[in-house]
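Only the coordinates and a few stated rules stand behind these numbers; no lab work does. What you see is a predicted model; the values in this text were computed from it and never measured. Every residue, glycine as well, gets a Cβ built from its backbone with ideal geometry; the counts of neighbours run over all protein chains shown.
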DNA sequence: ACCTGAACACCGTTCAAGT
DNA sequence: ACCTGAACACCGTTCAAGT
């Protein structure tokens, strides 16, 4: 009915940056990084593959943009107040959960080093580090250590689930076979990995991730006390 | 001259797993992950692309194998004695340098999650963690936190240099433009990143990396004191 | 048992031609 | 200004045919 308003009568199905990115996220969630294809994407958007290039530079930019909207969404959700330490922990967990739900995010975050999504993240981490009272000189190192750790865990887990997916295995089944492989390693060369293989299938990734965050936070606290 | 010895007179140019992996490493070093192609590889080995499949399952396995030989080489070099803490630090730095010299290694290590190269690494880290006196319960979390951090930094730096390479920029020039971009961010939204943008081009990646390792080690030490 | 290399089924990206 | 879709220059991988 709003036909009189100047010329906002854009077609219902008009292409746009956001519509493309949303469709890309759906493809990535459904089929992993291999599932995102300009042909599949243009089919879903009912257009030709060339049309997408009117809105996005190339596939890399598309992946980064998809990652960016999810990071932004995740950071928006995790406002909260409480202590800086608690803020860092909940922020980290929110990212862990997002990367767990969207296994392609980890790799995308790595690829986007220095670009928008990691800058968003670095900002939030940096503000929290400042609030923690870390002295100016150490803020950058602390924030980027957290960033690298978070991204490292995320992309590692992503690779695991991609590996399992490629072989058509469920995650726990994959961890089971991995644990069996580890248990059969040479006892002289791999004592630690062998000793730890039994707890591999049952262990809680999320808790381990948080334990790593706590180690960094503990290191920051003990450095301040001195 | 050794022509009499049974039938070890294999052709000088015979294909083998090791020869293929060595050639792959050269291609990866020269052209990054995009530089590794079955066609380029078979050309360098003076054979057809199909021949490689007699020795290696697929491209993923080739990448993991290439990464594995470099990780093994790096770990062999870094024996040393001294304190467990010093051992962890030198081990971490050796890996940093290897990933700096071979920027594709970081991504390959991620892709090989749970497989040979990361198992090697986890073993060494785990042994050092044990030597550090970390109680049994916390050993896995500590070792994998270090692993994830190391891999996170490595793949992050790799992405940076890949990004710069794709645009034909030298690394420092790339950091310069990145720093300028950061300085122009919205002051209300990005106070931390802006405040830190100036030190971006001049900062020492290697020192920052080590600072992160020290934070984790500090966290471990303070957890033990309690 | 290993190699050869053409062929297959895809990619991302470009670009003339349309509207 | 945007879309269309055929075409280009690649990929990884397979497989009949050779040795």
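As a proxy for reagent exposure, ranking B:204, A:22 by other Cβ atoms within 10 Å from fewest up yields B:204, A:22. Extending 7 Å from Cα along the Cβ direction at residue A:53 and again at residue A:116 yields two label points whose distance is 2.1 nm.
What fraction of the Cα pairs in the protein assembly as shown, stated in percent, has a spacing above 31 angstrom?
I get 45 percent for the Cα pairs in the protein assembly as shown exceeding 31 Å.
Kirkwood analysis of the Cα pair distances in segment A:158-226 returns a hydrodynamic radius of 14.2 Å.
Would you mind giving the mean number of other chain beta-carbons within 10 Å of the Cβ of each residue in A:111-121, as a whole number? Provide the component values of the computation, followed by the final result.
Working: counts 7, 3, 10, 13, 4, 1, 0, 2, 7, 3, 1.
Partner Cβ neighbours, averaged per residue: 5.
Give me the compactness ratio for segment A:48-124, meaning the Cα radius of gyration over 2.2 N^0.38 Å.
Dividing the Cα Rg of segment A:48-124 by 2.2 N^0.38 Å gives 1.25.
Taking every DSSP helix (H) stretch of at least 4 residues in the protein assembly as shown, weighting each as -39,500 (n - 2.57) and dividing the sum by the residue count yields a mean residue ellipticity at 222 nm of -23000 deg cm²/dmol.
Compared with the dominant Cα axis of chain B, that is its longest principal axis, helix B:205-225 is turned about 70°.
Copy B relates to copy A by a rotation, and the B residue whose beta-carbon is nearest that axis, with the distance in whole angstrom, is B:152, 1.
Per residue of B:173-179, what is the mean number of Cβ atoms on other protein chains within 10 angstrom of that residue's Cβ?
Average neighbour count from other chains, rounded to a whole number: 1.
Computed across segment A:4-158, the Kirkwood hydrodynamic radius from all distinct Cα-Cα pairs reaches 17.0 Å. Of A:115, A:162, A:181, the residue with the greatest mean-square motion in the GNM of chain A, using alpha carbon springs below 10 Å, is A:181. For peptide A:103-109, compute the average count of partner chain beta-carbon atoms within 10 Å of each residue's beta-carbon. The per-residue average across the peptide is 2.
Each principal axis of the Cα cloud of segment B:63-225 was taken in turn, and the coordinate range along them, longest first, works out to 48, 40, 26 Å. Compared with the dominant Cα axis of chain A, that is its longest principal axis, helix A:116-131 is turned about 50°. Compared with the dominant principal axis of the Cα atoms in chain B, helix B:59-77 is inclined by about 70°. Ranking of B:102, B:148 by neighbouring Cβ atoms within 10 Å, starting from the fewest: B:102, B:148. You can think of it this way: the chain between residue B:210 and residue B:26 has 63.4 nm of extra reach, that is 0.36 nm per residue less the Cα-Cα gap. Counting every other Cβ atom within 10 Å of each residue's Cβ, A:88, A:150, A:52 order from fewest to most as A:52, A:88, A:150.
How big is the C-alpha Rg of segment A:88-177 next to the rule-of-thumb value 2.2 N^0.38 Å, as a ratio?
In units of the 2.2 N^0.38 Å rule of thumb, it is 1.24.
Take residue A:40, push a point 7 Å out from Cα through the beta-carbon direction, and compare it with the same point in every other copy: 2.6 nm, smallest first.
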